[in-house]
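*Asks:* Here it is: the structure, laid out below.
The values are calculated or read from the model by the stated rules, or taken from the named source; none is laboratory data. Just so it is clear, the structure is predicted and the values come from calculations on it, not from any experiment. A quick note on method: Cβ atoms are made from the backbone with ideal geometry, for glycine too, and the neighbour counts reach across all protein chains shown.
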Amino acid sequence: MNNPFSLEGKTILVTGASSGIGARCAIDCATMGARVVLIARNEQRLQETLSQMGGERHIVLPLDLTNVELVVTKVKETVKQVGPIAGVINCAGVSSVTPLKLIKEEDMASMMQANVYSALFLTKEVCRMGNYDKKGTSIIFLSSIMGLVGENAKTMYSLTKGALQSAARSIAIELAPKKIRVNCIAPGAIVTPINEKLPHMADPVKRAVLEAKHPLGLGQTTDISNACIYLLSDAARWVTGQVIAVDGGYTAK
Ligand SMILES: NC(=O)c1ccc[n+]([C@@H]2O[C@H](COP(=O)([O-])OP(=O)(O)OC[C@H]3O[C@@H](n4cnc5c(N)ncnc54)[C@H](OP(=O)(O)O)[C@@H]3O)[C@@H](O)[C@H]2O)c1
């Protein structure tokens, strides 16, 4: 029987594939049949992810996504090597807990660059004629529930995650005629290297408070990779410009 969630025959770029959610997405997309291009800065950790993936078809691409010129070159080289790209999971990102009074202009600029501009420029390159898969391409931005609701000391992070949601809607409309779909996933809290040392995870009392805000408890990286597989697959062929909260019910209240 034809499986509408299969990723067979699709080449998928996964950024942030050296850690946490991105690593899990790379592994699970491979299981669903995709050829995966694993992107992040740390080559050794990318290789660790690769070692957990089946098949010889995958590619490790060490790349600092804030280097726009290099992104242009690497996308070109990748398409030459593996053909058109059918999907991108823009997972690379950074976080911080910073009260408004402590925000510095340079910190805000670097967070915008890491969380927003790098994902947009990669998407721009993939969506050039000849680079994307004309049969259908799916772009996913990893936003956050912090782009939907507020939280103490999360101004900078919320700003970047909300920006991705707004951008995704307009890009979705612009690129629909090319059969390119663009969506956001807004995860709730999942323990990964991005937050394990931040106060709301590291302090057991604060962590219990955070957990209680998620009616289904904290999430796991597979909760997000499964949502990504759906959006990348042909099962989601009529879904674009959406923000899907995968958050254990955090935003339902
Ligand atoms: N965990 C959560 O609770 C949660 C909740 C909501 C949203 N999210 C979002 O989900 C995404 C993944 O988070 P995570 O929890 O998996 O975090 P993580 O484990 O810290 O992973 C972040 C990834 O981003 C990569 N990265 C950062 N800057 C980069 C750059 N300039 N160029 C290339 N790669 C870069 C890192 O790789 P290198 O260091 O090797 O470059 C790493 O692979 C993020 O966008 C995050 O905001 C996470």
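*Asks:* Looking only at the stretch 97-116, which residues are surrounded by fewer than 17 Cβ atoms within 10 Å (Cβ to Cβ) and within 10 Å of the ligand (Cβ to nearest atom)?
*Replies:* S110, Q113
*Asks:* Another question, then. Could you list, in sequence order, all residues of the stretch 79-91 that are in contact with a Ser or Thr (Cβ under 8 Å, 6 or more places away or on another chain) and either part of a helix (DSSP H, G or I) or at pLDDT below 95 (or both)?
*Replies:* V82
*Asks:* Are there any pairs, at least 6 apart or on different chains, whose C-beta atoms fall under 8 Å, with the first in the stretch 137-151 and more than 19 Å from K253 (Cβ to Cβ) and touching a residue at least 24 places away in the same chain (Cβ under 8 Å) and the second among the charged types (D, E, K, R) and surrounded by fewer than 22 Cβ atoms within 10 Å (Cβ to Cβ), and if so, which?
*Replies:* Every condition considered, the pairs that remain are T137/K178; T137/K179.
*Asks:* State yes or no: is E151 more than 27 Å from K80 (Cα to Cα), charged (D, E, K, R) and in a loop (DSSP other than H, G, I, E, B)?
*Replies:* Taking the combined requirement at face value, the residue satisfies it.
*Asks:* Within the set of pairs 6+ apart or on separate chains, which have a first residue in the stretch 220-239 that is free of Cβ contacts under 8 Å to residues at least 40 places away in the same chain, a second that is within 16 Å of the ligand (Cβ to nearest atom) and not in a helix (DSSP H, G or I), and C-beta atoms under 7 Å apart?
*Replies:* The qualifying pairs are Q220/I190; D223/V246.
*Asks:* Hey, among the residues in the stretch 134-146 that are buried (at least 21 other Cβ atoms within 10 Å of the Cβ) and more than 8 Å from the ligand (Cβ to nearest atom), which one's farthest from A236 (Cα to Cα)?
*Replies:* Filtering first and then ranking leaves F141.
*Asks:* So, A235, is that one assigned to a helix (DSSP H, G or I), aliphatic (A, V, I, L, M) and in contact with a Pro (Cβ under 6 Å, 6 or more places away or on another chain) or not?
*Replies:* For A235, the condition - assigned to a helix (DSSP H, G or I), aliphatic (A, V, I, L, M) and in contact with a Pro (Cβ under 6 Å, 6 or more places away or on another chain) - is met.
*Asks:* Could you please give the count of residues in the stretch 1-20 that are within 11 Å of I229 (Cβ to Cβ) and within 16 Å of the ligand (Cβ to nearest atom)?
*Replies:* Qualifying residue count, the stretch 1-20: 1.
*Asks:* Restricting attention to the stretch 179-230, report how many residues are aliphatic (A, V, I, L, M), within 15 Å of the chain's Cα centre (by Cα) and not in a strand (DSSP E or B).
*Replies:* 5
*Asks:* Checking the structure you have, find out if any residue of the stretch 61-75 is surrounded by 15 or more Cβ atoms within 10 Å (Cβ to Cβ), part of a strand (DSSP E or B) and in contact (Cβ under 8 Å) with a residue 60 or more places away in the chain.
*Replies:* No, there is no match, as no residue in the stretch 61-75 is surrounded by 15 or more Cβ atoms within 10 Å (Cβ to Cβ), part of a strand (DSSP E or B) and in contact (Cβ under 8 Å) with a residue 60 or more places away in the chain.
*Asks:* Let me ask you something else. May I ask you to verify whether V94 is assigned to a helix (DSSP H, G or I), more than 21 Å from Q242 (Cβ to Cβ) and within 12 Å of the ligand (Cβ to nearest atom)?
*Replies:* Spelling it out, it is not the case that V94 is assigned to a helix (DSSP H, G or I), more than 21 Å from Q242 (Cβ to Cβ) and within 12 Å of the ligand (Cβ to nearest atom).
*Asks:* List the number of the failed condition for V14; all other conditions in (1) part of a helix (DSSP H, G or I); (2) touching a residue at least 12 places away in the same chain (Cβ under 8 Å) hold.
*Replies:* (1)
*Asks:* Applying the selection to the stretch 214-240, what residues are buried (at least 19 other Cβ atoms within 10 Å of the Cβ) and either modelled with pLDDT under 95 or of a type in the set (D, E, K, R) (or both)?
*Replies:* The answer is D223, and nothing else.
*Asks:* Run R128 past the list (1) within 14 Å of the ligand (Cβ to nearest atom); (2) more than 19 Å from A26 (Cα to Cα); (3) at pLDDT 95 or above; (4) not in a helix (DSSP H, G or I) and report the number of the one that doesn't hold.
*Replies:* Single failed check for R128: (1).
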